1. Could you tell me whether any residue of region 53-62 is free of Cβ contacts under 8 Å to residues at least 12 places away in the same chain and hydroxyl-bearing (Ser, Thr, Tyr)?
2. Looking only at region 354-375, count every residue that is part of a loop (DSSP other than H, G, I, E, B), touching a residue at least 12 places away in the same chain (Cβ under 8 Å) and hydrophobic (A, V, I, L, M, F, W, C) and tell me the total.
3. Give region 289-335 a look and list any residue that's basic (Lys, Arg), within 17 Å of the chain's Cα centre (by Cα) and not in a strand (DSSP E or B), or say none.
4. Only residues in region 210-226 that are more than 12 Å from THR104 (Cα to Cα) and open to solvent by 70 Å² or more (accessible area, probe 1.4 Å) count as the first member; pair them with residues that are outside any helix (DSSP H, G or I) and among the small types (Gly, Ala, Ser), Cβ under 7 angstrom, at least 6 apart or cross-chain, and list the lot.
5. Out of curiosity, is ASP247 touching a Ser or Thr at 6+ places or on another chain (Cβ under 6 Å), closer than 22 Å to TYR69 by Cα and open to solvent by 10 Å² or more (accessible area, probe 1.4 Å)?
6. Collect the residues in region 266-294 that are open to solvent by 10 Å² or more (accessible area, probe 1.4 Å), of a type in the set (A, V, I, L, M, F, W, C) and under 26 Å from PHE320 (Cβ atoms), keeping them in residue-number order.
7. Check PHE43 against each of (1) under 22 Å from the mean Cα position of the chain (by Cα); (2) in contact (Cβ under 8 Å) with a residue 60 or more places away in the chain and name the one condition it does not meet.
8. Need pairs with beta-carbon distance below 8 Å; first residue within 30 Å of ASP11 (Cβ to Cβ) and within region 428-455, second of a type in the set (Phe, Trp, Tyr); sequence gap 6+ or separate chains.
Amino acid sequence: MDAGTLTKVGDWCWRIEPAGEMHVPAIIYADEALIWEMDDKVFEQITNVARLPGIVGAAYAMPDAHWGYGFPIGGVAAFDADREGVVSVGGVGFDISCGVRLLTTNLTRADIERRQRELADALFERIPAGLGSTGTVVLAGADMDAMLEGGAAWAVAQGWGEALDLERIEEGGRMAGARSDLVSEAAKRRQRKETGTLGSGNHYLEVQFVDRVFDEARAAAYGLERRQAVVSIHCGSRGLGHQIGTDFLRAMALEAPRTGFRPPDRELASTPLRSELGEAYLGAMKAGINCALANRQILTDLTRQVFAELFAGSELKVLFDVSHNTCKEERHRIDGTEHTVFVHRKGATRAFGPAHPELPPELRPHGQPVLVGGSMGVGSYVLAGMESSEAASLSSACHGAGRAMSRHAALQVYSGRQVQDDLAARGILVKSPSTRAIAEEAPGAYKDLHRIAEVSEHAGLAARVAHLAPLVCIKG
C-alpha cells in the first residue's frame, strides 16, 4: 500500500481525494492496523469504482474490505439514474443476495451442550451442504418461476415456515419487480435441485450462544440475552445467482462499445440504469434476491424440524434476515440533498438507523439489526444501524471478518482435520463434507472480527449489540 495516496481524516476514517477520472472521493473506514492489513487491490478497486458514471457522494470501503471481483468486497456506491448512472455486476457480486438470517431460541447454552453431538449430527444429516449440494426441493417450469418471483413469501405459502417470519425479513420476504422471464434457462437448470441448500465457500449454519451484550436496551428489543442459544444461517442464491452474474457480465461487456463507456477495469463492466440491458439485469437480479430469501426460509424450516425432534417445546423465531450482495433503489440525503439512488452493496450490509420506515415497527426505535458473520472459531456479531449511518456510508456497514488470506494460501498453512480437532478441543463442533473446505475457512485465514466491529461502531456505521460465540457449525 502506498500510504501517500491516503489522507487520515479521523481515528477511523481515511480518504482518497478525486484525481484523474475519479468523480467522487473514496472513503475507507479502518483503524491503523486494519488499513495496513488491506491488500493494495482494495485501494485500486475503490478508486476505480469512484470513476464509474453517475456515482454520487463517495465510493466507500467497509472495515472488512478485501480484494473482490470489480468492487472490493466491502464496497458501497450509489448511482443516480438521472446523471447517467450505471449498474455493475461487479458491484453486486455473483452470489446475489448472499446474506445472514438470525434465529433466536428459548434455549440456553447449557441446553445445547447437553445434546451438542446429537444436534451436530442431526443438522449435518438434514441440512444439505458442500460444493454441488442438492436437496429434496426440485423446481422447474412454473414452480421455478413462482419461487423466483415470490421469495420467502412463496416458501411460506408452500409450508416452509410461518407468516410471522416474513415481518422480520428485508422487503417482507419478497423483492418486488423480480423478472423470472429474464433469468436464463441455464441459471434455472443450475437451481433445479439447489433450493434449500447451504452450498460451499464461506456459507454455514451455526448454533451459537450470546456470549457478550454491549447494549442492554437494544439487545432486549431484539430478544437477545446472555447465554441464550441462537442460530445463524449464511448463504445465498447458489448457482442461479452465479449464472445470472455470468450472463449479464458478458452482455454488459458486449454492450460497452455501443455505449462508448470503457470501464477502468474489465471486471467493472457496467450499463446505464436507464437502458434495456440495465433494467433487464435489475429484474433478473431481483429474482436472484428472491431465490436467496426462499433458500434461507427453507433452511429455517429444516432447522426448526431438527430442534423440535431434540428439544421438546423449542421455539426458533426470526430476529432478522438481511443480504449483503445487492443493488437497491433507495432514498438518501447526499451532500445535503435528497436523492433516489441505486445503492450497490458488495459484501456490505444495509444498516438503516432508528425511525426508518422500512423497519418492522417493533425494531424501528432501535435501528436495523446488522448481522455480521465471522469465522468458525470467533463467532458473529449483532450490530444496529445508527442515526449516523446514512451520512457515514449510505446506511451501510461491514458484513463479516474479511479474508486476511486467500483460500489457496490457507490450504498451504492449515489442515482441515487439525482445524476441526482444535475447535473441538475448545467446545466447537464442526461438520462438513470436505476437510479442504474447513482448511480454506480456518479462523486464522480471517481478520480480527472484534476489531472490525469496534471500528464500525466508532466510525458511526453500526453500534455493537451482542457477540455470538459458536457451539456447532455446519460448513459448506
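The values are calculated or read from the model by the stated rules, or taken from the named source; none is laboratory data. Because the structure is predicted, anything quoted here is derived from the model rather than measured. Cβ coordinates were reconstructed from backbone atoms using ideal geometry, including for glycine residues, and neighbour counts include every protein chain displayed. These area figures cover heavy atoms from the full protein model, side chains too; ligands, DNA and RNA do not enter into them. Shrake-Rupley method; radii C 1.70, N 1.55, O 1.52, S 1.80 Å.
1. Applying the first criterion (free of Cβ contacts under 8 Å to residues at least 12 places away in the same chain) to region 53-62 yields none.
The answer is no, given that none of the residues of region 53-62 is free of Cβ contacts under 8 Å to residues at least 12 places away in the same chain and hydroxyl-bearing (Ser, Thr, Tyr).
2. 1
3. Of the residues in region 289-335, the ones basic (Lys, Arg) are 296, 304, 317, 328, 331, 333.
Checking the rest, the ones that are also within 17 Å of the chain's Cα centre (by Cα) come to 296, 328.
Within region 289-335, just ARG296 meets the criteria.
4. Here the result reads ARG212/ALA466, each pair linking region 210-226 to a residue that is outside any helix (DSSP H, G or I) and among the small types (Gly, Ala, Ser).
5. Yes, satisfied.
6. LEU282
7. Of everything listed in (1) under 22 Å from the mean Cα position of the chain (by Cα); (2) in contact (Cβ under 8 Å) with a residue 60 or more places away in the chain, PHE43 misses just condition (2).
8. Cβ pairs passing all conditions: GLY444/TYR414; ALA445/TYR414; LEU449/TYR381; ALA453/TYR381; VAL455/TRP12; VAL455/TYR29.
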